[in-house]
Amino acid sequence: MKTSSLSLIVALAGFAIGYPVSRALQSPDPDAPPPRKSAVVVDGWNPSSLAPANRMAGIAEKAALLDPSEWPAFFAAQKDSPEISPLLARLWAERDPAGFWQWLKESGDVHLLDRFANDLVRTWAETDPDQAMKAVLQVTEKQLADRLKRTVIDTAIDSDLQKGLQLAALAGDFNRFSWGAREWVSKDPAAATTGLAALPAISKYRHFLFYAVPEWVKKDPAGALAWLKGAELLPGERWLPEAYRAAAEADPQAALAAARSLTDLRFRDEALSGVLASGKIDPAQLSELLPELPLSQQSEIGLRRFLTGPPKNAEEFRNMSALFAAVPASENNLSSLGTFASQWQSADPEAGWQWVTSLPDAAMRRSALESIATQATPEQLSAISKVSLNSLSDKFFESALGQIPDDREEAWISALPASHAAWARAVKNKKGSN
């Protein structure tokens, strides 16, 4: 037997608690998709005899008359029909989810499991999330179990936040866990925040605090900050800097005071880095506060600032320019600095160019110039002759040459100082040879 077939059998064994593995060996090739079939006659009733326009309605009418004991044979007869089986799966899940679950466990068909289990537990969770969760917690194959637990929890949490969080507390860890903004977080961010923070440390659902606390700050800055000051924090969670960044956008000095009041230096540093990353601290105060952070935190500030979008006005641009001028030239900060330079160049080309060319660190100037080369005006490209060589790069010249018409490239190069011109010509020749 093929290795992939064996792995599927093992997965099925983990799903079907108490189900003999030998049953899964009945098919010579479990990897093969089920054959496409038309409807099957059951007890003299043939859905194919119904007019196409009335077929689905007729099937639903027939299904409504079935006793729970009749569903397994009825569904089994139509399970390979791609037109009929989805409807019947939905109807059976609504009528008797526990019976459908038991039939799937006992079917010995991996493909049926893949096709129907997820939708089944979603429907089940809409009416009885506790029983749906109890069922999926019996699944021992990790990948399948994680997928089904997520479905049950996410279905429940959309309609009942507290019930969903209660189920999340039972779910344990997940091997893979995707997370992002969710509607249930913004409906009642205060309740979402307190509920998520009460989950066990192992729960991946705590990641949603990254969105819940900032949403709470938007609606009630004082209430959210009061909670933050007294919250029981866990090391290594990513949401804390983002929460303080959001709080600082609402009230910079209150957020700063709250961050500096934390007695645990690990949390204090993370909170303070979030406050500084807000771009709301004036340059003079920024220069005093930045040395309080370890280099590892300083190296993340630029990155954190751009989690929520560009500066919105001239004051924010000025404050952010002071921040980038003060932080160390780490990989994260350089990448974010390039983004910021491009945004400022777009908003105010003169101010953006002046700031880029006056940055105190050559690596920073290089990163920023590379980012704005495609946006530079002809006058700015000519002014590159005044920029030191250690601020330039092949990437800058490649982008700059791309902005200049072919018939003017040589004139632009010849107007540069000899060292600049030699570099630009080498890049041009390299481009031509490619």
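The values are calculated or read from the model by the stated rules, or taken from the named source; none is laboratory data. It should be emphasised that the depicted structure is a prediction, and the values quoted were computed from it without experimental measurement. We place every Cβ from the backbone using ideal geometry, glycine too, and count neighbours over all the protein chains shown.
Key figures
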{"quantity": "Test result for A192, among the aliphatic types (A, V, I, L, M), within 29 Å of Y244 (Cα to Cα) and either modelled with pLDDT of 95 or more or surrounded by 18 or more Cβ atoms within 10 Å (Cβ to Cβ) (or both)", "calculated": "yes"}
{"quantity": "Leading residue by the ranking (modelled with the lowest pLDDT) among those in the stretch 276-288 that are of a type outside the set (G, A, S) and farther than 12 Å from Q298 by Cα", "calculated": "P283"}
{"quantity": "Meets criteria (crowded, with 16+ Cβ neighbours inside 10 Å, at pLDDT 95 or above and either touching a helix residue (DSSP H, G or I) at 6+ places or on another chain (Cβ under 6 Å) or not assigned by the TED database to the domain that holds L199 (or both)) for A255", "calculated": "yes"}
{"quantity": "Matching option when the condition is in contact with a Ser or Thr (Cβ under 6 Å, 6 or more places away or on another chain), surrounded by 20 or more Cβ atoms within 10 Å (Cβ to Cβ) and either assigned to a helix (DSSP H, G or I) or not assigned by the TED database to the domain that holds D128 (or both), among A63, A93", "calculated": "A93"}
{"quantity": "Test: residue in the stretch 209-220 that is buried (at least 24 other Cβ atoms within 10 Å of the Cβ), touching a Gly at 6+ places or on another chain (Cβ under 8 Å) and not polar (S, T, N, Q)", "calculated": "yes"}
{"quantity": "Any helices (runs of 4 or more DSSP H) falling wholly within the stretch 124-186 and containing at least 3 residues that are modelled with pLDDT under 95 and surrounded by 14 or more Cβ atoms within 10 Å (Cβ to Cβ)", "calculated": "142-159"}
{"quantity": "Qualifying residue in the stretch 280-295 (condition: within 22 Å of the chain's Cα centre (by Cα) and buried (at least 21 other Cβ atoms within 10 Å of the Cβ))", "calculated": "no"}
{"quantity": "So Q102, is it under 31 Å from the mean Cα position of the chain (by Cα) and not assigned by the TED database to the domain that holds I202", "calculated": "no"}
{"quantity": "Hits in the stretch 66-85 - residues which are surrounded by fewer than 16 Cβ atoms within 10 Å (Cβ to Cβ), farther than 22 Å from G108 by Cβ and not assigned by the TED database to the domain that holds W103", "calculated": "D67"}
{"quantity": "Selected residue (criterion: modelled with the highest pLDDT) from residues of the stretch 387-434 that are over 43 Å from the mean Cα position of the chain (by Cα) and among the basic types (K, R)", "calculated": "R425"}
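Conditions tested, residue by residue: (1) at pLDDT 95 or above; (2) closer than 19 Å to A169 by Cα.
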| site | (1), (2) |
| --- | --- |
| A198 | yes, yes |
| A201 | no, yes |
| K204 | no, yes |
| D220 | yes, no |
| G223 | yes, no |
| A231 | no, yes |
| G236 | no, no |
| R245 | no, no |
